[in-house]
Amino acid sequence: QKEKLPIVQTQIARKGNFPLQIITNGKLEAKEKACLRFEKSGIVAHIYCKNGQFVKKGELIAELGHKTDELDIQEAITQLKAATIELQSLALGFEPLKGDTTKIPKEVLTNLKIQSRFTQALNTLKRAKYNRQKSFLYAPISGIVANLKSKSHQPSPDKDDFCWIINPNTFEAHAYIMESDLNWIKNNQTVKIRPISISNQEIKGKISSINPQVNENGLVEICASISNKDKNLFDGMNVEMICEKNVPNQLIVPREAIVLRAEKKVIFTYKDGLAWWNYVETSFENENEIVITKGLKIDDEVIFKGHYNLNHEVKVMKDSHQS
């Protein structure tokens, strides 16, 4: 009966630039977002949008009932008309102007407006119109409506936000790194962002800011700008940020090639149909690869799959499907 040999996969040990990685967790935050809140209390009369809806800058979001405001405006208009008549009456005393207020000296006219209560009536009208404007909420930016909880015919929230408008096009990933890693993080450096809830998605970003302060835990906040071209990112999403720096002239093998024997690192190499046991020493490592500092040489054929139960100088067979 033909001997059944362990099947292995191999890869050549190579010299090259090693991408040293720092992987840290963070959160996404929209680069542009706005909080909307009514400046006064009242009953919500109409809501013109819903969560997830795109609105344009200047679009009406919601309004409070404003019948009282309209009455205040009408009353202020009436008072202003009465004050205007009184002002014209006082101006008639200036002969030969015949009540033409445009020809009265500026200082005198100011006093007459105060005396006739014209100035007070005009300010009352301005205030009434301003109060009515506080009954309307408009979108200060274009974006997606979020966190809208209120309903029509209910009191407006006095302390809570009415809703948010989030620009979905660009985000910043906020994360923290150790103080000791600051020496190779630079503004405009390219990083990788991986949303934890979206498998197999990796987005390129650029470091947009480094907070020049170390917190009490020895960490520094860094931010990376990313685009949302696929429109599947959300404000507050949890992400991984991967920062890389190339270390030149390193001997590199797959990370999974390492096995432990008696708490020592071992790599099996393939030669003439046999697996050869090699004690190794390592330095840098990332998600996929590791640097060998002792125990291997360039062009050694490293076994990285099917090797966990191997021994020294056992016969093995290379996987015929290996690319």
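The values are calculated or read from the model by the stated rules, or taken from the named source; none is laboratory data. Bear in mind that the values here come from a model prediction, so they are computed numbers and not experimental data. In this analysis, Cβ positions are derived from the backbone assuming ideal geometry, glycine residues included, and neighbour counts consider all displayed protein chains. Protein only, heavy atoms only, side chains kept; ligands, DNA and RNA dropped before computing areas. Shrake-Rupley method; radii C 1.70, N 1.55, O 1.52, S 1.80 Å.
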Give me the extension gain from residue 117 to residue 298: residue separation times 0.36 nm, minus the current Cα-Cα distance, reported in nm with one decimal. 55.6 nm
Protein accessible area in the chain, 1.4 Å probe - carbon and sulfur %: 50 percent
Could you give the distance between the Cα centres of the range 232-308 and the range 15-75, to the whole Å? 48 Å
Which of the lysines could be linked to residue 318 by a straight reach, that is with a Cα gap under 19 Å, when you skip same-chain ones fewer than 8 residues away? 2, 4, 271, 305
A 19 angstrom limit on the alpha carbon distance is what I want to check against. Which of 192/245; 15/204; 206/245; 27/245; 40/67; 40/149 exceed it? 15/204; 27/245
In the calculated pair distance distribution of the range 83-218, what percentage of Cα-Cα distances lie above 17 Å? 78 percent
Reference-scaled alpha-carbon Rg (2.2 N^0.38 Å with N residues) for the chain: 1.85
Treating only the Cβ atoms of Lys and Arg (+1) and Asp and Glu (-1) as charged, compute the dipole magnitude of the range 128-180 about its Cα centre; round to the nearest 20 debye. 540 debye
Name the residue from 137, 78, 120 whose Cα lies farthest towards the positive end of the charge dipole of the range 37-149, charges +1 on Cβ of Lys and Arg and -1 on Cβ of Asp and Glu. 137
Quick one: net charge around residue 283, please, counting Lys, Arg +1 and Asp, Glu -1 for every other residue with C-beta under 15 Å from its C-beta. +2
Write down the accessible area per residue of the chain in Å², having rolled a 1.4 Å probe over the full set of protein chains. 62 Å²
Among 106-114, 235-243, what's the highest-first ranking by average C-beta atoms within 10 angstrom per residue? 235-243, 106-114
Mean Cα-pair separation over length for the chain, i.e. relative contact order, pairs under 8 Å, 6 or more apart, %: 29 percent
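Of the GluC sites (Glu not before Pro) in the range 134-233, which ones lie in a loop per DSSP and count no more than 12 other C-beta atoms within 10 Å?
202, 216
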